[in-house]
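A.B. asks: One structure follows; several queries about it will come next.
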Amino acid sequence: MKSPLGRLTFAAAVLWMGLPVASGYQAISGKPVYDHHVHILSPQLVADWKALGVEFSREDAAYTDPALIFESQNISGAFLVSMAHLYASPETEFPIPEGADAGNIEQQRVARENDMIARAVAQFPDRAVGFFSVNPLRDYAFAEMNRCYMRGLGGIKLHLPACGVDLREAEHVEKLKNVFRWAADNRMPVLLHLFTAEPAGDVRALSRMFWREVVGPCEGLELYLAHLGAAGGFRTASAILMEEYELYQASGQASPGQSLSFDLSGAILVDETDGIPPTSDEDSGKLASAMKRIGLERFLFASDFPVFSVATSVSALRDRLGLTEEEFQRLMNNHAPAFDRLKAEGFSPSQDALPVAPPEDAVVLLDGQGTNLFLSRNGGPMDWEIAAGVVTSTPNGDHSNHIVSDFHFRDAEIHVEFLVPEETAGNSGVYLHGGYELQILNSWGKEEVTAQDIGSLYGFAPPLVNAAREPGQWQVCDIRYRAPRLDDAGNISEAGELSAWMNGQLVQNKTRFGEPKSGFRPFLYRTTDYVRSLAEQYRETQVGPLFLQDHGNPVRFRNVWIRPLDNEGFRNSERRAANLEKSVQELHDVVGTWTVDTEFLGDDGSVARAVSGSYHFEWVVADRVLAGRSEMPDPGMASAILFYVRESDQKIEMSTVGADGKLWVMTGRMGDDTRYSGEFDTADGGKSRLRFTRYNATASGFESKMEYTDDGGKTWKPGNHQTFRDRQPIPAGK
């Protein structure tokens, strides 16, 4: 059977059309646990394809309904693979509306098809890994790749022949390398259709270049070669590609951490398929020998459904490969690391009956038993109405009267039950760390939901489904939240990740996010001194509170609890009290007159000069303000020093005026022994910042060091080192 669409073979186009099921083969024992190549199409793609005259041999649901596919194929898990690249294939011409921008329409269609995969995976989050698809030659390829990555899709499918990628073209190869580097950097598995059955050019040279130049540099790459790397059947291209794989593995050129596998979709063709002849017994034997030589663990069962069924594919492999029963069972049990990750990261909270009892390791923020760990945005008792464990959002007129949890966390599971009133828009939200909002809104009955509707991660991703109940009913949301990781400068170095179930449906599935987007976020909009202190504390510790949002609507909340996923959580009121006590004690410990040895250091840490002098400290305001002065007679230097405990924003301030009259102000969090200056201009036109650290404190003395940075805090260079010793107490009555 020859494809009217040319080389778009094997799940690229034609094998949907009246393809004969492999004759004489029935389902047998030894079924696979996982299928590593299953296609899902949107109803729109099915319709668009039919409009081109392509006939389908199955009912539409066989292509669009993951539930039917899992049930009919009797598999425990699957790679669900997008065919979005067809909209960007030079060999298909889907109609463009008159006057429309063809490039924009194509990109929208590709995005729509990839979103179909995200929704399909959301129906089976513990069984499915979603692979989006893109044409790597398109200018928008990386924009779509990053969008799908942030959407939480688990892998990328590349179909090089269908996308017109020619490995003989240097520009094409460079773009492919860039995609592979991106995939490795983002720990994104790649499912790759590399060759046609008879690729153009020197297959051995192209295979060698592929392994050593494209794959070789990508540390940590997880790669799956679809159809044994070619277009089905064990033919010359697949045999050469596998031989070069063996040479690549033996060459020592592979980067660390690579996971490289071949999927067996279409490996044994029982009938002529799209112009490719049936696989001979001789070629089947050669394939079995190659598999054993490379290692059976490198080969994964894959059907390429709906081109072939699981039963058809299993029967063909069992009958033709000639493996022992033990070998065949081992082959059927092989699976990708991605499925192990699914099990390890499983998140399926119970939401059947409300209210949901908190687990034993949860920190309860609000219940009907008198527990309330929420504060006002000023840090005092909250001013929302509360009755029988239910709080009602109380507006203040400017959408800022949020309540904030006294318990702070980093990574956690969060449970919230809420009721949207019938008479308003029901606008509120659950704000994680004061920056990221899981939206609450009356979205009941909406057919199309956006990144502003209920269940959305506001500004980042719409819900995968509209899970809203009618207003006036209690609803439930469970969130698994992994906080973004920040660098020393407070910038995001690793995206955060969020999954959320609402009313029994998965509305966010491992959605990734970066800098906050909501203009109403509590850390930004109409903040208070208390909230600003929490924002700064979060930037420094990556640990922060939960906010329930006031957005002018009387939304009700009950049964709120947090289950920390690490050991970073704390009660902020207790921490503040402990930090204040520590900072005040530190001031007590330095009152008196000290002998101080000072070493001025070079950039390499060597001592350029060492001098001795004295420091004298005494109270200005007991337990809050300490004044001091220093003298270093040898260089003729003197300075005045003031230490000030600022309880309102949880800071301790150190201000110094030197002999040159210049004022230096350095601040740090209470309870911390490190303080920083603001950024200042240097003589060479650059920018710098100072860092002061107190350490090795004992009853008889302590040490300090001053450092500076000129690269935004990436590296710190030595300035001076001081040793405080031989303290003389201030006489009684002073």
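A.B. asks: Could you list log10 I(q)/I(0) for region 146-298 at q = 0.13 Å⁻¹, which the Debye formula gives when each Cα is one point scatterer?
C.D. replies: Debye curve over Cα of region 146-298, log10 I(q)/I(0) at q = 0.13 Å⁻¹: -0.58.
A.B. asks: Find the centroid of the Cα atoms in region 415-486 and in region 164-241, then give the distance between the two in whole Å.
C.D. replies: Here the two parts' Cα centres lie 42 Å apart.
A.B. asks: Determine how many Å³ per residue the convex hull of the Cα atoms of the chain encloses.
C.D. replies: 222 Å³
A.B. asks: Turning to a different aspect of this structure: If I fit a long axis through the Cα atoms of helix 236-251 and take the longest principal axis of the Cα atoms of the chain, what angle between them do I get, 0 to 90°, rounded to 10?
C.D. replies: Between the helix axis and the principal axis of the chain, the angle is about 30 degrees.
A.B. asks: Mind jotting down the distance between the C-alpha centroids of region 335-389 and region 563-624, whole Å?
C.D. replies: Answer, in whole Å: 38.
A.B. asks: Using alpha carbons only, how many degrees (0 to 90, rounded to 10) separate the axis of helix 102-123 from the longest principal axis of the chain?
C.D. replies: It works out to around 80 degrees.
A.B. asks: Could you list, bin by bin from short to long, the percent of Cα-Cα pairs of region 266-309 in 5 Å steps?
C.D. replies: Pairs per bin, as whole percents: 5, 18, 24, 25, 18, 8, 0.
A.B. asks: Within the set of other residues whose C-beta is less than 12 Å from the C-beta of VAL81, count the net charge using Lys and Arg as +1 and Asp and Glu as -1.
C.D. replies: -3
A.B. asks: Please give the solvent-accessible surface of PHE124 in Å², to the nearest 10, using a probe radius of 1.4 Å with every protein chain present.
C.D. replies: 40 Å²
A.B. asks: Now a separate question. Excluding ARG318 itself, calculate the net charge of residues whose Cβ lies under 11 Å from the Cβ of ARG318, where each Lys or Arg counts +1 and each Asp or Glu counts -1.
C.D. replies: My count for the surroundings of ARG318 gives -1.
A.B. asks: Hey, what does the equivalent ellipsoid look like for region 116-197, semi-axes from the Cα gyration tensor as sqrt of 5 times each eigenvalue, largest first, whole Å?
C.D. replies: 24, 14, 11
A.B. asks: Right, here's the next one. Which three extents, in angstrom, do the Cα atoms of region 648-734 have along their principal axes, listed largest first?
C.D. replies: Answer, in whole Å and largest first: 50, 30, 27 Å.
A.B. asks: Can you run phi through the Karplus equation (6.51, -1.76, 1.60; θ = phi - 60°) for region 533-539 and list ³J(HN,Hα) in whole Hz, with x for Gly and Pro?
C.D. replies: Computed from phi, the couplings for region 533-539 are 5, 5, 5, 5, 4, 5, 4 Hz.
A.B. asks: Also, I was wondering about something else. With the crude spin-label approximation of a point 7 Å out along Cα→Cβ, what separation in nm comes out for ALA638 versus TYR708?
C.D. replies: 2.5 nm
A.B. asks: Which distance in Å, rounded to a whole number, links the C-alpha centroids of region 507-547 and region 709-729?
C.D. replies: 32 Å
A.B. asks: Another question about this same structure. Could you pull the Cα extents of region 226-321 along its three principal axes, largest to smallest, in whole Å?
C.D. replies: So the extents along the principal axes, rounded to whole Å, are 40, 24, 22.
A.B. asks: Using a cut-off of 10 Å between beta-carbons, work out the net charge of the residues near THR527 (Lys and Arg +1, Asp and Glu -1, THR527 not included).
C.D. replies: Neighbourhood net charge equals +3.
A.B. asks: Here's another thing I want to ask about it. With all protein chains present and a 1.4 Å probe, how do LEU486, LEU160 order by accessible area, largest first?
C.D. replies: So the residues, ranked largest to smallest area, are LEU486, LEU160.
A.B. asks: Same structure, new question: Go through region 496-506 residue by residue and turn each phi into a ³J(HN,Hα) via Karplus (6.51, -1.76, 1.60, θ = phi - 60°); whole Hz please, and just put x for glycine and proline.
C.D. replies: x, 8, 9, 10, 8, 10, 9, 6, x, 10, 7
A.B. asks: Starting from the amide H of MET637, placed 1.01 Å from N in the peptide plane, find each other amide H under 5 Å away whose residue is 5 or more places distant or on another chain.
C.D. replies: Hits under the 5 Å cutoff: MET632.
A.B. asks: Measuring with a 1.4 Å probe in the full set of protein chains, what accessible area per residue, in whole Å², belongs to the chain?
C.D. replies: Counting only protein heavy atoms, the per-residue value for the chain is 41 Å².
A.B. asks: Within region 246-344, which GluC sites (Glu not before Pro) sit in a loop by DSSP and count at most 11 neighbouring Cβ atoms inside 10 Å?
C.D. replies: Of the GluC sites (Glu not before Pro), not one in the loops of region 246-344 has a Cβ with at most 11 other Cβ atoms within 10 Å.
A.B. asks: Give the long-range amide H neighbours of VAL555: residues separated by 5 or more places, or on another chain, with amide H under 5 Å away, using H modelled in the peptide plane at 1.01 Å from N.
C.D. replies: HN-HN under 5 Å from VAL555: SER393.
A.B. asks: So if I take the alpha carbon set of region 403-449, get Rg, then get Rh from the Kirkwood formula, what is the Rg over Rh ratio?
C.D. replies: Rg/Rh for region 403-449 comes to 1.03.
A.B. asks: Consider all pairwise Cα distances in region 680-727 and report the whole-number % of them above 11 Å.
C.D. replies: 69 percent
A.B. asks: Eigenvalues of the Cα gyration tensor times 5, then square-rooted: what semi-axes does that give for region 71-122, in whole angstrom, largest first?
C.D. replies: Semi-axis lengths for region 71-122 are 29, 12, 8 Å.
A.B. asks: Now for a separate question. So how exposed is GLU679, as accessible area in Å² (1.4 Å probe, rounded to 10)?
C.D. replies: Approximately 130 Å² of GLU679 is accessible to the 1.4 Å probe.
A.B. asks: To continue, here is another question. Per the Kirkwood definition applied to all pairs of different Cα atoms, how many angstroms is the hydrodynamic radius of region 312-362?
C.D. replies: 15.1 Å
A.B. asks: When only Cα pairs under 8 Å and 6 or more residues apart are kept, what is the percent relative contact order across the chain?
C.D. replies: The value is 10 percent.
A.B. asks: Cross-link list LYS157/LYS446; LYS157/LYS510; LYS687/LYS714; LYS31/LYS286: which exceed 21 angstrom alpha carbon to alpha carbon?
C.D. replies: Beyond 21 Å between Cα atoms: LYS157/LYS446; LYS31/LYS286.
A.B. asks: What ratio of Cα Rg to 2.2 N^0.38 Å holds for region 457-569?
C.D. replies: Relative to the 2.2 N^0.38 Å estimate, region 457-569 comes out at 1.15.
The values are calculated or read from the model by the stated rules, or taken from the named source; none is laboratory data. Keep in mind it's a predicted model, so treat the numbers as computed, not measured. Neighbour counts run over all protein chains shown; Cβ positions are idealised from the backbone, glycine included. Heavy atoms of the whole protein, side chains included, go into the accessibility calculation; ligands, DNA and RNA do not. Shrake-Rupley method; radii C 1.70, N 1.55, O 1.52, S 1.80 Å.
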